[in-house]
Amino acid sequence: QTFLDGHLSSQGFNSAISSISSNLIKGALAVHKEVSETFRKTAANFHYEFNIRHLANVFQGLLVATPLVFKDAEKFVFLWLHESERVYGDRLVDYDDLNKFKAIMQSQARKVFSQFNIARFYITGGGVNPDPLIFCHFADGIIQSAEDLSYDQATNLLGLRTTLEAALDEFNEMNAVMNLVLFDDAVLHVARIVRIIKQTGGHALLVGVGGSGKQSLSRLAAHLCGFSVMQIMVNQNYSLLDFKTDLQNMYNKAGIKQEGVLFLLTDTQISNEKFLVYLNDLLSSGNIPDLYSKDEKETIINGLTNKAKGAGYSAEPASVWMYFISKIRENLHCCMCFSPVGPSLRVRARRFPALASCTVIDWFQPWPVQALASVGKKLLANTDLGNPEVMKAVEYFMPTAF
């Protein structure tokens, strides 16, 4: 209540939005309680563990709102629905659980905000599609500089797709070409990844089978945020010392040069389980105790003392180091692309708790027919089958062919 009211009053939100803060908190607590009771942790669903951190993540999303963009209470309530879906819904492993969660959201939201038309996001059956509930940093269709990205509601997916296709063309001009088909689900995943890595200390755990597009979509999200992507190049001789050196390079870039960095890591690159000891510290606090030697640490502190003082920190070494770590949390973000197949993710998450508790999980569901049809359409675009009707039939046959 204190944080939310403080943000709403200090930023100058209008009274209509300020007046709903207590109901918003009441609704958020009710949703958290029901989600915790409905989705229990099991051996298979090891990450179904909802605690105060998740509730805080919902409000962290609300604190991104600005009065220029949010002028009425209804839109602010929609933001709460969206943030709750990102924090809780994106962790769920199948459509059955997702539908249960949406029923919880609709029921709880109706209790505290009956005056707003919330049902339109949750309509099912009757051949009517629900309205998309999307808030993202590129909703206005303009690819701005990374600092100017504002968090707003996107009213249609077509506009978002056009924006992302322009960003993809720009990316392909500067990097190795990614031949992506940006169907609806892919667009939504990019929006989710951008939302995570724009937050201070935001790290993403993308879980999906191989070939579902996790790495490509992460690269596109990093491009939208103006981050450089860094990966480790694992070979037979790649050791723990090499991993430490790579981490130091990322820390220097994010903490000393203060540039945005996305550390893209796949489960196949973890050739030594000890890598996860460092990763666990990076995810939980950003401070990896034995990453630097005493001399290296002193060099960093000496180099950053003036910047730290300018930011309001004291010149004490411990204080300057805190400033360095704060810049790491602000500028260095991990995007881990793991597969749910087999026990390795479950075992690793049990041994290194930060993998599940200090990341925002985005569970990739199987691609729907619309997505597969989009891929078929793109692949057949330059093929002449003589008749447009035959072409259309083949496009829609492709998703069911395997």
All positions within segment 1-13 that are open to solvent by less than 60 Å² (accessible area, probe 1.4 Å) and in contact (Cβ under 8 Å) with a residue 40 or more places away in the chain:
Leu4, His7, Gly12, Phe13
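In segment 16-68, how many are among the acidic types (Asp, Glu) and either open to solvent by less than 60 Å² (accessible area, probe 1.4 Å) or assigned to a helix (DSSP H, G or I) (or both)?
2
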Candidates Ala354, Ala393, Ala373, filtered to the one that is touching a residue at least 24 places away in the same chain (Cβ under 8 Å), out of contact with any strand residue (DSSP E or B) (no Cβ under 9 Å at 6 or more places or on another chain), farther than 19 Å from Leu206 by Cβ and not polar (S, T, N, Q):
Ala373
Filter pass, Ala371 being farther than 23 Å from Val209 by Cβ and either of a type in the set (A, V, I, L, M) or at pLDDT below 75 (or both):
no
Say we look at segment 93-142 and pick out the residues that are more than 16 Å from Trp80 (Cβ to Cβ), open to solvent by 70 Å² or more (accessible area, probe 1.4 Å) and assigned to a loop (DSSP other than H, G, I, E, B); which of these is modelled with the highest pLDDT?
Asn129
Between a residue in segment 75-91 that is open to solvent by 10 Å² or more (accessible area, probe 1.4 Å) and any residue that is among the charged types (D, E, K, R), which pairs come within a Cβ distance under 6 Å, given they are 6 or more apart or on different chains?
Asp90/Asp362
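Here's the yes/no breakdown for (1) farther than 22 Å from Phe275 by Cα; (2) in a loop (DSSP other than H, G, I, E, B):
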position	(1), (2)
Pro340	no, yes
Arg348	no, no
Leu355	no, no
Ile361	no, no
Pro366	yes, yes
Ala373	yes, no
Glu389	yes, no
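Check Pro388, Pro343, Pro317 and return the single one that is without any contact (Cβ under 8 Å) to a residue 60 or more places away in the chain, in contact with a helix residue (DSSP H, G or I) (Cβ under 7 Å, 6 or more places away or on another chain) and open to solvent by 70 Å² or more (accessible area, probe 1.4 Å). So that I can check it myself, show each step before the final result.
Working: Pro388 fails: in contact with a helix residue (DSSP H, G or I) (Cβ under 7 Å, 6 or more places away or on another chain); Pro343 fails: in contact with a helix residue (DSSP H, G or I) (Cβ under 7 Å, 6 or more places away or on another chain).
Only one candidate qualifies: Pro317.
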For segment 222-271, how many residues meet the condition of being touching a helix residue (DSSP H, G or I) at 6+ places or on another chain (Cβ under 6 Å) and free of Cβ contacts under 8 Å to residues at least 40 places away in the same chain?
5
Please work out which one of (1) farther than 11 Å from Ile256 by Cα; (2) over 22 Å from the mean Cα position of the chain (by Cα); (3) among the aromatic types (Phe, Trp, Tyr) is the condition Phe324 fails and give its number.
(1)
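Of everything in segment 355-384, what is of a type in the set (A, V, I, L, M) and either surrounded by fewer than 18 Cβ atoms within 10 Å (Cβ to Cβ) or farther than 21 Å from Ile197 by Cα (or both)? Give them in sequence order. Reasoning before the result, please.
Of segment 355-384, the ones of a type in the set (A, V, I, L, M) are 355-356, 360-361, 369, 371-373, 375, 379-381.
Listed by number, the residues that qualify are Val369, Ala371, Leu372, Ala373, Val375, Leu379, Leu380, Ala381.
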Could you tell me whether any residue of segment 168-191 is open to solvent by less than 80 Å² (accessible area, probe 1.4 Å), in contact (Cβ under 8 Å) with a residue 12 or more places away in the chain, touching a Phe, Trp or Tyr at 6+ places or on another chain (Cβ under 9 Å) and assigned to a strand (DSSP E or B)?
no
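For segment 245-277, enumerate the residues that are among the charged types (D, E, K, R) and under 25 Å from Lys198 (Cα atoms). Give the steps one after another, and end with the answer.
Of all residues in segment 245-277, those among the charged types (D, E, K, R) come to 246, 253, 257, 259, 267, 273-274.
Of everything in segment 245-277, those that are among the charged types (D, E, K, R) and under 25 Å from Lys198 (Cα atoms) turn out to be Asp246, Lys253, Lys257, Glu259, Asp267.
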Are there any pairs with C-beta distances below 6 angstrom linking a residue in segment 35-56 that is free of Cβ contacts under 8 Å to residues at least 60 places away in the same chain to a residue that is crowded, with 18+ Cβ neighbours inside 10 Å and of a type in the set (Phe, Trp, Tyr), with the two at least 6 apart or on different chains, and if so which?
Ser36/Phe50; Lys41/Tyr48; Tyr48/Phe39
Out of Arg351, Arg329, sole residue that is touching a Gly at 6+ places or on another chain (Cβ under 7 Å) and open to solvent by 70 Å² or more (accessible area, probe 1.4 Å):
Arg329
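The values are calculated or read from the model by the stated rules, or taken from the named source; none is laboratory data. Quick caveat: nothing in here was measured; it's all calculated off a predicted structure. As a convention, Cβ positions derive from the backbone with ideal geometry for all residues, glycine included, and neighbour counts pool all protein chains shown. Quick note on the areas: whole protein, heavy atoms, side chains included, nothing else; ligands and nucleic acids left out. Shrake-Rupley method; radii C 1.70, N 1.55, O 1.52, S 1.80 Å.
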